[in-house]
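K.L.:
Would you mind keeping the following structure in view while I ask a few things?
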Amino acid sequence: MVGMLVAAVSDGADAGKAIAFGLGVGLGAVGAGIGIGNIFGSMIQSVARQPELRGELQGIMWLGFALTEAVVFYGLLGGLLAFVLI
């Protein structure tokens, strides 16, 4: 993937697409990092307040983590498709 970006930048014609791809994936990763931090932070607070609900909350936490992490992969896939097809 990095080689593809380097080749695009060296041509000069696709430099804008490479920059847009990097920004899109980077912002998607930052957004997912913030979301995952919120999920785990809320889980820690919830368990600290009511430790007996840990088992019930843990499944919901992992589901939220998986769905939030999927955003990064959607951004990566969308960025690659836009980079290659447009």
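K.L.:
Does Gly31 count as surrounded by 12 or more Cβ atoms within 10 Å (Cβ to Cβ), part of a helix (DSSP H, G or I) and either at pLDDT below 95 or at positive phi (or both)?
P.N.:
Here the answer is yes, as Gly31 does meet what is asked.
K.L.:
Give Leu23, Leu81, Leu5, Leu77 a once-over and let me know the one that is surrounded by 12 or more Cβ atoms within 10 Å (Cβ to Cβ), assigned to a helix (DSSP H, G or I) and at pLDDT below 90.
P.N.:
Leu5
K.L.:
With the checklist (1) in contact with a helix residue (DSSP H, G or I) (Cβ under 7 Å, 6 or more places away or on another chain); (2) within 30 Å of Lys17 (Cβ to Cβ); (3) of a type in the set (Ser, Thr, Tyr) in hand, flag the one item Tyr74 doesn't pass.
P.N.:
(1)
The values are calculated or read from the model by the stated rules, or taken from the named source; none is laboratory data. Note that the structure is a prediction, hence the values are computed from the model and not measured. All Cβ positions, glycine included, derive from the backbone under ideal geometry; neighbour counts span all protein chains shown.
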